[in-house]
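The structure under discussion appears below in the form of structure tokens.
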Amino acid sequence: MKKRSLTWLTMVFAVCGMLFANHSAAQEGEAAAQSPGQTVTWCLYVTDAPNTVRAFGLDIVYPTDILTFNEASKGELLEKGFGFFGVNELKPGRIRVGGMETGENAIAQGSSGRLVTLTFIKKKEAAPSFKIIMVRDHMQTWSVLTDDAVQPAHLSLIKCTPR
């Protein structure tokens, strides 16, 4: 019992720290191919969640020679809950995303949808390559889409489709 309380307390402190971390802010742009200096959005999607998610954390590595991180926003899977949520750039080329839900608005098993939208500024015309690493908590055992993986994966980062 004591170990479980300590785990939740540790997660609360970690997520709170991310909430207060600084990151750049700018307007969200469309994901269509654009010229350097314009914004482009990538979305982190969940497909058929294999279990309920009350807490998660992960890092996204991106190419700094092609992109500059601008901002992030919650996707529809987090909009009704996850009051403890944060995205920050640990260093150029590495973004940390994490959240925790203490109430009734966890991500239900079997859910699919957008988890987070990430906005970048393009530095040059090139196809960026992303890596999702250090997946933690209730998403730790999920499959992750990588350059050589077969779709679908439980977590995937792809260009956002215009709404």
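Need the failing condition index for ALA72 against (1) closer than 19 Å to THR161 by Cβ; (2) more than 13 Å from the chain's Cα centre (by Cα), just the number.
It is condition (2) that ALA72 fails.
Could you list all residues from region 71-87 that are open to solvent by 20 Å² or more (accessible area, probe 1.4 Å), touching a strand residue (DSSP E or B) at 6+ places or on another chain (Cβ under 9 Å) and modelled with pLDDT under 95?
Listed by number, the list holds a single entry, GLY83.
Of all residues in region 132-141 being under 10 Å from PHE56 (Cα atoms) and assigned to a loop (DSSP other than H, G, I, E, B), which is least open to solvent (accessible area, probe 1.4 Å)?
MET139
Provide a single number: the residues in region 95-131 that are open to solvent by 20 Å² or more (accessible area, probe 1.4 Å), in contact with a Leu (Cβ under 6 Å, 6 or more places away or on another chain) and of a type in the set (A, V, I, L, M, F, W, C).
Qualifying residue count, region 95-131: 1.
Which pairs have Cβ atoms under 6 Å, sit 6 or more apart or on different chains, and link a residue in region 82-104 that is in contact (Cβ under 8 Å) with a residue 12 or more places away in the chain to one that is charged (D, E, K, R) and open to solvent by 20 Å² or more (accessible area, probe 1.4 Å)?
ASN88/ARG96; LEU90/ARG96; ILE95/GLU89; GLU101/ARG54
Have a look at LEU90, LEU115 and point out the one that is under 16 Å from ALA55 (Cβ atoms), outside any loop (DSSP other than H, G, I, E, B) and modelled with pLDDT of 95 or more.
None of the other options fit; the residue is LEU115.
The values are calculated or read from the model by the stated rules, or taken from the named source; none is laboratory data. Only a predicted model underlies this, so the values are computations on that prediction, with no experimental measurement involved. Note that each Cβ is placed from the backbone with ideal geometry, even for glycine, and that neighbours are counted across all protein chains shown. The protein model used for the area step is the full one, side chains on, heavy atoms only, and it has no ligands, DNA or RNA in it. Shrake-Rupley method; radii C 1.70, N 1.55, O 1.52, S 1.80 Å.
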